[in-house]
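Taking it in order: structure first as structure tokens, then the write-up.
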Amino acid sequence: MALLRRSKRPERRGTPFSALVVGIGNPGREYERSRHNVGFEVIDELARRAGVTLKASRDKSLLAEVHTDYLHYLLAKPMTYVNNSGQAVAPLARRFGVEELDRIIVVHDELDLAPGVVRVKVGGGLAGHNGLRSITQHLKSQDFVRVRIGVGKPPSKERGGEHVLSKIPQAERALLDESVIRAADATELILKHGADSAMQQTNAG
């Protein structure tokens, strides 16, 4: 069953939003093109495909509404910095009536996957990701949908922060550019056909 079904909230006026797509990243030019910001890049790619512009919203995020003949969803980039992503995600979900966890899609970097690998997952552990931890704390559950973009492991656990924020070698950056496109494709599969279908098609590669 496709994820984007009609909302069961008749009290809301206008077209209901059936999904909230959130990219995790840090605001600021100094963090652009870092491993930690690939989630932001996927949101930018989805906005480009939909022909919409992300604008500042009252919920500590940049936000865009997407309306097509069949799909009505939200794209968001929290401006809270990664560690506090939940401060934006939970209020957005409440305000727009997208509170069911299977309708919240979080796109993020993943140390446990090699660069260039993209996987779709529903729920599960947080893999030490502070952004996922914050979202889990504010939603009071970790059963939301994830689009995971591999960025590889750091040389040591102590260098994890440096790894996700530092400048990326050109060859690896090219891999990440490709994975951003595949992650956007995977997100669109979730929106159109549901997470199970997206997992079957994306995770097989």
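Which residues, counting only those in the range 16-37, are of a type outside the set (Lys, Arg) and without any contact (Cβ under 8 Å) to a residue 12 or more places away in the chain?
Let us first name the residues in the range 16-37 that are of a type outside the set (Lys, Arg), namely 16-28, 30-32, 34, 36-37.
Gly28, Glu30, Glu32 - these are the residues of the range 16-37 that are of a type outside the set (Lys, Arg) and without any contact (Cβ under 8 Å) to a residue 12 or more places away in the chain.
Among the listed residues Glu172, Glu178, Glu188, Glu162, which satisfies the condition of being at pLDDT below 80 and either surrounded by fewer than 23 Cβ atoms within 10 Å (Cβ to Cβ) or within 14 Å of the chain's Cα centre (by Cα) (or both)? Outline the logic, then answer.
Working: Glu172 fails: at pLDDT below 80; Glu178 fails: at pLDDT below 80; Glu188 fails: at pLDDT below 80.
So the residue among Glu172, Glu178, Glu188, Glu162 that is at pLDDT below 80 and either surrounded by fewer than 23 Cβ atoms within 10 Å (Cβ to Cβ) or within 14 Å of the chain's Cα centre (by Cα) (or both) is Glu162.
Of everything in the range 61-93 that's in a loop (DSSP other than H, G, I, E, B) and aromatic (Phe, Trp, Tyr), which residue is surrounded by the fewest Cβ atoms within 10 Å (Cβ to Cβ)? First the steps, then the outcome.
If we filter the range 61-93 for residues that are in a loop (DSSP other than H, G, I, E, B), which is where we start, we get 68-71, 79-81, 85.
In the following step, the residues that additionally are aromatic (Phe, Trp, Tyr) were identified as 70, 81.
Values: Tyr70: 9, Tyr81: 19.
Ranking the qualifying residues of the range 61-93, first place goes to Tyr70.
How many residues does the range 94-123 contain that are closer than 27 Å to Glu172 by Cα and in a loop (DSSP other than H, G, I, E, B)?
So the answer is 7.
For the range 38-60, enumerate the residues that are part of a helix (DSSP H, G or I) and either of a type in the set (Val, Ile, Thr) or without any contact (Cβ under 8 Å) to a residue 60 or more places away in the chain (or both).
Residues of the range 38-60 part of a helix (DSSP H, G or I): 38-50.
Those that are part of a helix (DSSP H, G or I) and either of a type in the set (Val, Ile, Thr) or without any contact (Cβ under 8 Å) to a residue 60 or more places away in the chain (or both): Val38, Phe40, Val42, Ile43, Asp44, Ala47, Arg48, Ala50.
So for the range 81-102 (the condition being among the β-branched types (Val, Ile, Thr) and either closer than 30 Å to Lys167 by Cβ or within 13 Å of the chain's Cα centre (by Cα) (or both)), does at least one residue qualify? Give the steps one after another, and end with the answer.
So the first thing to find is which residues in the range 81-102 are among the β-branched types (Val, Ile, Thr), and the list is 82, 89, 98.
In the following step, the residues that additionally are either closer than 30 Å to Lys167 by Cβ or within 13 Å of the chain's Cα centre (by Cα) (or both) were identified as 82, 89.
Yes, the range 81-102 contains a residue that is among the β-branched types (Val, Ile, Thr) and either closer than 30 Å to Lys167 by Cβ or within 13 Å of the chain's Cα centre (by Cα) (or both).
For residues in the range 106-117 being aliphatic (A, V, I, L, M) and within 12 Å of the chain's Cα centre (by Cα), which is nearest to Ala186 (Cα to Cα)? Steps first, please.
From the range 106-117, those aliphatic (A, V, I, L, M) are 106-107, 111, 113-114, 117; that's our starting set.
Next, only the ones that are within 12 Å of the chain's Cα centre (by Cα) stay: 106-107.
Values: Val106: 12, Val107: 10 Å.
Ranking the qualifying residues of the range 106-117, first place goes to Val107.
The values are calculated or read from the model by the stated rules, or taken from the named source; none is laboratory data. This structure is a prediction, so every number in the text was calculated from the model and none was measured. Neighbour counts are summed over all protein chains in view; Cβ atoms, including those assigned to glycine, are modelled from backbone coordinates with ideal geometry.
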